[in-house]
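What follows is a single structure, written as structure tokens, with notes after it.
The values are calculated or read from the model by the stated rules, or taken from the named source; none is laboratory data. From a predicted model like this one, the values you see are computed outputs, not experimental measurements. Using ideal geometry, Cβ is built from the backbone for each residue, glycine included, and neighbour counts are taken over all protein chains shown. Ligands, DNA and RNA are excluded from the accessible area calculation, which covers all protein heavy atoms including side chains. Shrake-Rupley method; radii C 1.70, N 1.55, O 1.52, S 1.80 Å.
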Amino acid sequence: MVLVLTLQFSSSYHGHSKKSLCVYLPQPTMSSAPAEPPSVPRREGSAPCSSCSEARRWKLQLVTIVGLLMAQTLLYYNDSAFYDAHRWSVLPSSPLRLRWFSDNSTTQSFAYSLSLGGGGGNNTHHDTSPPCTLNLPSLKGRVQVNRNPPSLKEQEREHPELTLGGYYQPENCTARHKVAIIIPYRNRANHLTAFVHHMHPFLQRQQLEYAIYVVEQAGNDSFNRGMLMNVGVLEALKQHPFDCLLLHDVDLVPEDVRNLYTCSEPPRHILPYQKYFGGVSAMTPEQYTAINGFSNKFWGWGGEDDDLFNRVRHHGLNVSRYPSEVARYTMLSHKKEKPSPDRYTNLRLGKRRFKKDGLNSVKYQILKTERRRLITLLFVALART
């Protein structure tokens with residue numbers, strides 16, 4: 001016997017959606033000979049138990065109701081934000097079999113085991129990929145920096161393991177860290193070519209799931225590094241649930257693969273210099289949001305990284321650093337940018353603006369998004385605030 005139930009509910013992420021639930025009730029086994037009724041001990045002179053069939057009927061209805069309630073719960077969690085990335089099917093190991101179908105299902109499906117009181121199953125997600133393990137002693141230390149790398153077109157042919165957008169995840173294991181590399185950028189084509197040539201093998205040896213975002217500023221206004229960082233963070237988190245943000249200048253290339261591009265409990269400055277937080281730094285999305293990101297006020301070179309360091313300390317966050325023999329970088333040569341004329345004033349008054357100037361106030365327009373093999377390029381127009 002098949003019972004079909006259609007559920008309709010709304011989600012803040014998907015709007016209204018319909019789910020059809022098919023409940024398959026076990027069919028009674030048929031035999032050519034009539035089944036012998038079970039012998040029921042009763043007292044002498046009492047009448048046969050007339051309520052036994054009624055009790056069995058109520059028991060079957062109760063099992064059906066419990067199954068429907070559990071299925072509805074599963075449907076609810078499937079449509080929540082936590083499970084939004086997947087659509088999955090429920091295959092209980094029980095005489096009562098449930099299967100649901102969605103009119104907006106996507107390509108991936110996962111199997112779950114559900115016990116309804118009849119053997120096996122414990123709500124376990126069967127993931128065939130074990131967590132990645134990193135044997136640090138096996139990592140070689142220094143890596144060569146190629147200042148004259150192949151062109152981006154040639155590099156694209158060398159990296160079939162990447163998906164469009166400069167996205168990578170290990171093939172045979174599940175990465176423990178999901179990292180977004182955010183690069184503010186304008187007119188540094190040679191630096192970008194050398195950077196991506198070096199970084200993809202570097203990050204893959206650390207068994208990270210990652211993507212590289214290049215945020216290019218449009219127009220002729222002064223370069224605003226902090227504002228571009230804010231844009232990159234917001235746009236990257238729209239695409240993937242990253243748990244670590246690497247805020248990275250394009251002219252700095254790491255020399256030691258033991259310099260892990262991951263986030264720690266305190267924010268991490270990946271350069272070894274004390275009282276400085278620029279160049280390359282790592283924060284979780286929660287930490288970055290808590291300090292309200294970079295200030296948007298620094299137009300021109302300098303000051304925005306010092307203001308960011310002030311925000312970190314203002315919120316009582318410590319900063320961790322690798323030792324100098326690990327946190328070594330090659331700086332690619334470039335012409336020095338025009339300094340920001342207001343950087344000292346903005347730094348002095350920065351504490352007054354921490355809550356209202358930053359990630360929560362950035363104004364920009366995405367003019368173009370290019371999901372290339374090696375990078376995701378965001379071409380953006382920035383608005384002065």
Report summary line: Flagged pairs (Cβ under 6 angstrom, 6 or more apart or on separate chains; first in region 151-174, over 14 Å from Arg372 (Cβ atoms); second assigned to a loop (DSSP other than H, G, I, E, B) and open to solvent by 50 Å² or more (accessible area, probe 1.4 Å)) are Pro170/Gln207; Cys173/Pro130
Query - Tabulated pairs, region 202-223, first over 14 Å from Glu171 (Cα atoms) and of a type in the set (Gly, Ala, Ser), second part of a strand (DSSP E or B) and open to solvent by less than 10 Å² (accessible area, probe 1.4 Å), C-beta under 9 angstrom, 6+ apart or interchain - result: Ala211/Val179; Ala211/Ala180; Ala211/Ile181; Ala211/Thr376; Ala218/Val380
Report task. Provide a single number: the residues in region 252-295 that are open to solvent by 20 Å² or more (accessible area, probe 1.4 Å) and within 21 Å of Arg142 (Cβ to Cβ). Result -> 6
**Report entry** Filter result for Gly226 (assigned to a loop (DSSP other than H, G, I, E, B) and either within 16 Å of Trp301 (Cα to Cα) or open to solvent by 10 Å² or more (accessible area, probe 1.4 Å) (or both))
**Finding:** no
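Residue by residue, here is whether (1) outside any loop (DSSP other than H, G, I, E, B); (2) among the β-branched types (Val, Ile, Thr); (3) more than 27 Å from Glu325 (Cβ to Cβ) holds:
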residue	(1), (2), (3)
Gln144	no, no, no
Arg157	yes, no, yes
Arg176	no, no, no
Ile181	yes, yes, no
Asn190	yes, no, yes
Phe195	yes, no, no
Met199	yes, no, no
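One line per residue, one yes/no per condition, for (1) among the hydroxyl-bearing types (Ser, Thr, Tyr); (2) under 21 Å from Asn224 (Cβ atoms); (3) in a strand (DSSP E or B):
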residue: Val312; (1), (2), (3): no, yes, no
residue: Tyr322; (1), (2), (3): yes, no, no
residue: Lys355; (1), (2), (3): no, yes, no
residue: Gly358; (1), (2), (3): no, yes, no
residue: Ser361; (1), (2), (3): yes, yes, no
Query raised in the report: Residues of region 279-310 being more than 21 Å from Phe202 (Cα to Cα) and assigned to a loop (DSSP other than H, G, I, E, B), which ones?
Result: Ile291, Asn292, Gly293, Phe294, Ser295, Asn296, Lys297, Phe298, Trp299, Gly300, Gly302, Gly303
Query - Matching residues, region 161-191, being open to solvent by 60 Å² or more (accessible area, probe 1.4 Å), within 24 Å of Ser281 (Cβ to Cβ) and either among the aliphatic types (A, V, I, L, M) or touching a Cys at 6+ places or on another chain (Cβ under 8 Å) (or both) - result: Arg176, His177, Lys178
Query raised in the report: Using beta carbons and a limit of 8 Å, which pairs, at least six apart or on different chains, have the first residue in region 357-385 and exposed (fewer than 13 other Cβ atoms within 10 Å of the Cβ) and the second one among the polar types (S, T, N, Q) and outside any loop (DSSP other than H, G, I, E, B)?
Result: Ala383/Gln365
Report task. Give the residues of region 296-318 that are open to solvent by 40 Å² or more (accessible area, probe 1.4 Å) and over 19 Å from Asn360 (Cβ atoms), sorted by residue number. Result -> Trp301, Asp306, Arg313, Gly316, Asn318
Report task. Kindly provide the set of residues from region 329-350 that are outside any loop (DSSP other than H, G, I, E, B), of a type in the set (S, T, N, Q) and surrounded by fewer than 18 Cβ atoms within 10 Å (Cβ to Cβ), ordered by number. Result -> Thr330, Thr345
Query raised in the report: Do we have Ser324 as touching a Lys or Arg at 6+ places or on another chain (Cβ under 9 Å) and either open to solvent by 20 Å² or more (accessible area, probe 1.4 Å) or touching a residue at least 24 places away in the same chain (Cβ under 8 Å) (or both) here?
Result: no
